[in-house]
Structures are given as structure tokens and as C-alpha cells.
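Q: This is the structure I have questions about; it appears just below.
Laboratory data are not the source of any read-out in this text; all were calculated from the coordinates shown. All values reported here derive from a predicted model rather than from experimental measurement. FYI the Cβ positions are ideal-geometry reconstructions off the backbone, even for glycines, and counts take in every protein chain you see.
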Amino acid sequence: MAVVTFDGATRQFSPDASPAVDHLDLEVADGEFMVLVGPSGCGKSTTLRMLAGLESVEAGSISIDGQDVIGLEPKSRDVAMVFQNYALYPNMTVAQNMGFALRNAGMSKNDTATRVSEVAAMLELEELLDRKPSKLSGGQRQRVAMGRAIVRRPKVFCMDEPLSNLDAKLRVSTRAQIAALQRELGTTTLYVTHDQVEAMTMGDRVAVLRKGVLQQVGSPREIYARPANTFVAGFMGSPQMCLIDVDIDAGRAHLGDAEIAVPRSAPQRLVVGLRAESWQVTGPGTLGSLTARIELVEELGSEQFVYCSADVAVRDGRIVVRADHRHEFKVGESLGLIPDAGELHWFEGDSGIRL
Ligand code: ATP
């Protein structure tokens with residue numbers, strides 16, 4: 001059993017800088033796969049390092065199964081880290097790398113060898129046990145780094161961007177393997193990534209961070225369906241949600257000629273969010289549509305994304321529309337867009353908080 005609890009946990013590198021992690025409250029359930037996601041510098045790695053004991057904590061507490069771990073040495077916390085660069089010992093074989101922590105903790109040679117070969121079988125590393133890291137592919141090194149964490153049978157895994165050195169194809173297959181392995185082992189896991197697709201596909205729950213502040217925690221589905229604010233709305237989902245500033249006139253807002261009903265008791269300044277699948281495409285000038293000009297077409301085979309400009313206040317650029325592969329779109333042409341009234345996300349204009 002390992003429940004991980006951050007309670008107001010704060011890391012401040014210097015008194016005049018804003019905290020790298022700011023009063024973090026987060027509970028990770030026993031056996032849960034929790035993904036920490038956010039842009040570069042938002043405090044993901046620092047959060048993991050605080051849990052593992054590699055960073056100090058200026059305020060708040062961190063506990064594992066109710067035991068405060070802040071005073072404990074890293075090696076006494078029973079947390080195994082998998083780093084982005086794998087941090088393998090170059091002069092040791094795969095077997096020695098995997099068994100190192102066990103031998104260090106006083107385990108016999110025989111027991112260590114048994115444990116290592118069990119985990120090597122799980123990760124299909126049996127043939128490679130006598131090789132040095134320099135003779136391994138990137139994907140194999142990544143599996144050795146995982147194996148080294150797994151042999152320890154820790155209470156908690158902390159993984160810091162473990163897939164970022166793999167090529168795109170290997171990353172996709174490895175992320176499915178890691179998620180399946182974690183479920184099989186049932187070990188509580190905190191996994192850091194800046195890649196929102198990785199976060200959505202791997203996590204039981206996802207915690208979104210921005211500038212050291214937790215923005216939202218929820219299942220991938222909850223975060224996609226009900227982003228808590230404009231930051232989460234824009235960050236999670238690919239292509240990103242289109243956010244448009246609108247003014248209200250007698251309880252209605254206008255996107256070109258498209259009129260949309262505004263939630264009751266809404267403030268004067270509002271942002272409406274639409275995902276790429278929430279537009280209906282019609283001919284230009286269709287009654288009740290927003291006229292848009294095609295700027296770029298991204299063909300994905302089964303579907304296409306059409307990037308358009310329009311005379312509305314879109315934050316971060318262009319409107320993106322998902323369309324069927326049968327439609328033909330040409331850059332420079334116009335089309336009519338009708339927003340799907342059932343799929344609108346509303347946010348308060350100034351704070352960005354979901355209504
Ligand atoms: P990335 O995805 O780029 O790895 P991250 O979300 O993991 O980013 P952190 O590495 O946790 O972010 O960094 C959070 C903030 O703390 C950043 O502003 C960073 O510059 C700062 N920071 C990290 N380590 C130190 C340090 N040793 N000294 C001073 N500031 C630091």
C-alpha cells in the first residue's frame with residue numbers, strides 16, 4: 001500500500017524568486033498512475049524530486065502512507081526514480097546496473113540474480129544482461145532504467161520524462177508498455193511529461209501544473225470534457241481548443257453571423273472555447289454562420305484539420321476545424337462555420353475560470 005500525499009508542499013529556490021512548486025495539495029491513491037503535465041518550467045520535475053528527497057521543501061508536508069517523509073534520506077523513502085537520461089552506470093553490465101541497488105542494500109548475490117532475471121524476463125532483457133549500456137539501443141537503455149527501478153519493488157515509482165529520448169514510433173509503443181506494466185505491478189506511480197498526448201493516454205488521473213501552481217486534477221476524460229480554466233483548455237487536447245473573446249449583447253454573443261446563447265448570469269466579458277470537432281462546416285455566407293478563410297489544411301488520411309482565420313478575437317491564432325476526409329478544402333477559399341451549441345465551453349473573461 002502506498003498513498004502519496006502532498007499537503008501545501010512548496011519549493012522555493014531563492015527568497016526573491018516565485019516558488020517552483022507553490023502550495024501543492026495532491027493525493028495519489030494506492031496503485032494509481034498519476035501523470036504530472038505542464039509546460040517547461042512549471043515545476044513537474046521539482047515535484048518528483050521533492051517526493052524522492054532530492055530537493056528540500058520550504059513549506060507544507062509530503063507523506064507516504066501517512067508517514068511524513070520530509071526528514072528522511074532519499075534511500076529511506078522507498079521511492080525509485082527513472083530519469084530522462086536513464087543515468088545508467090556505463091562501466092557496469094545490464095545485470096549489474098539492475099542489481100546494484102539490491103546489492104548495496106545487502107541482498108545476497110543469488111537473491112539479486114534471481115530478482116534481476118525475473119524482471120529481465122518481464123522486460124525482454126534476458127539476452128542483454130551481459131552487455132554494457134553503450135552497446136544498447138535507446139529503447140533497450142530505457143527498459144534497463146525501468147528494470148533497475150522495478151527490481152527494488154519500491155512503494156512508489158517516480159518517472160521523469162522516461163520516453164523523451166526515444167523516436168516518435170518507439171515512444172508510442174513504449175508508452176503503452178509502461179502503462180500496462182504499471183497496472184500489472186500495481187505500484188503507485190508519478191509520471192512527469194510535457195506531452196499532453198502522453199498524459200491523456202497513460203494516466204489514471206492527470207494533474208496539470210502551471211508556474212508551480214496546480215490547475216486541475218482529474219481523469220483524462222474529465223479534463224478534456226470540463227477543463228477548469230482557459231489554460232487547461234488550451235493545453236490539453238490536440239489540436240488545442242480554440243478560445244475566442246466575446247462581448248455580450250442582450251444575453252447573446254456573436255461569432256460573425258453565428259449567434260450563440262450565453263449562460264445565465266454570465267459576466268460581461270467572456271471567453272468561449274470550441275474544440276476542432278465542435279464546428280459544422282457549410283458554404284460561405286450560409287445564414288447564421290461565421291465566415292472563415294482557409295489558411296492551412298492538414299491531411300491525416302482518415303480526417304483533416306482545417307486552420308482558418310476569421311473576424312473574431314481568437315486567442316493564440318487560428319480556428320481549427322476537424323473535417324471528414326471526403327471534403328476538399330483549398331487554401332485561400334472561404335467557408336461558413338456553425339458552432340455546435342451543445343459543445344461550448346464558457347470561461348470568465350478576466351480570470352479565465354470556467355463558468
Ligand atoms: P521541464 O519540462 O523543462 O523539465 P519542469 O516543469 O520539470 O520543466 P522544473 O525543472 O521543476 O520544471 O523547474 C521549475 C522551476 O524551478 C523553473 O523555473 C526552474 O528554472 C526552477 N529551478 C529548477 N531547478 C532549480 C535550481 N536548482 N535552482 C534554481 N531554480 C531552479
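Q: Report the charge-dipole magnitude of the chain in Debye, nearest 20, computed about the Cα centre from +1 at each Lys and Arg Cβ and -1 at each Asp and Glu Cβ.
A: I would put it at about 1200 debye.
Q: In the chain, if every C-alpha pair distance is counted and binned at 10 Å from zero, what percent goes to each bin?
A: Computed distribution, short to long bins: 5, 21, 25, 21, 15, 9, 3, 0.
Q: Given the DSSP H assignment, sum -39500 (n - 2.57) over each helix run of at least 4 residues in the chain and divide by its residue total; what's the result at 222 nm in deg cm²/dmol, nearest 500?
A: -7000 deg cm²/dmol
Q: Based on the Cβ-Cβ distance from HIS254 to ASP340, what FRET efficiency comes out when R0 is 22 Å, to the nearest 0.05?
A: It comes out at approximately 0.85.
Q: Straight distance only, please: which aspartates and glutamates reach the Cα of LYS330 with their own Cα at less than 18 Å, same-chain residues fewer than 8 apart left out?
A: Counting by Cα, and skipping residues close in sequence, LYS330 has these aspartates and glutamates nearby: GLU295, GLU298, GLU299, GLU303.
Q: What percent antiparallel are the DSSP beta bridges of region 4-234, to the nearest 5?
A: Percent antiparallel among DSSP bridges in region 4-234 is about 50.
Q: When you have a sec, figure out the Kirkwood radius of region 1-98 from all distinct Cα pair distances and drop it here in Å to one decimal?
A: One over the average 1/r among Cα pairs gives 14.7 Å for region 1-98.
Q: Still on this model: Need the list of lysines near LYS155 for cross-linking: C-alpha distance under 18 angstrom, and skip anything on the same chain fewer than eight residues off.
A: Straight-distance partners of LYS155: LYS75.
Q: I would also like to ask the following. What FRET efficiency comes out for the pair HIS23/ILE353, r = Cβ-Cβ distance, R0 = 22 Å, nearest 0.05?
A: 0.75
Q: Across the Cα atoms of region 44-160, what radius of gyration and what greatest pairwise Cα-Cα distance (Dmax) are found, in Å?
A: Values for region 44-160 (Cα only, Rg and Dmax): 15.1, 47 Å.
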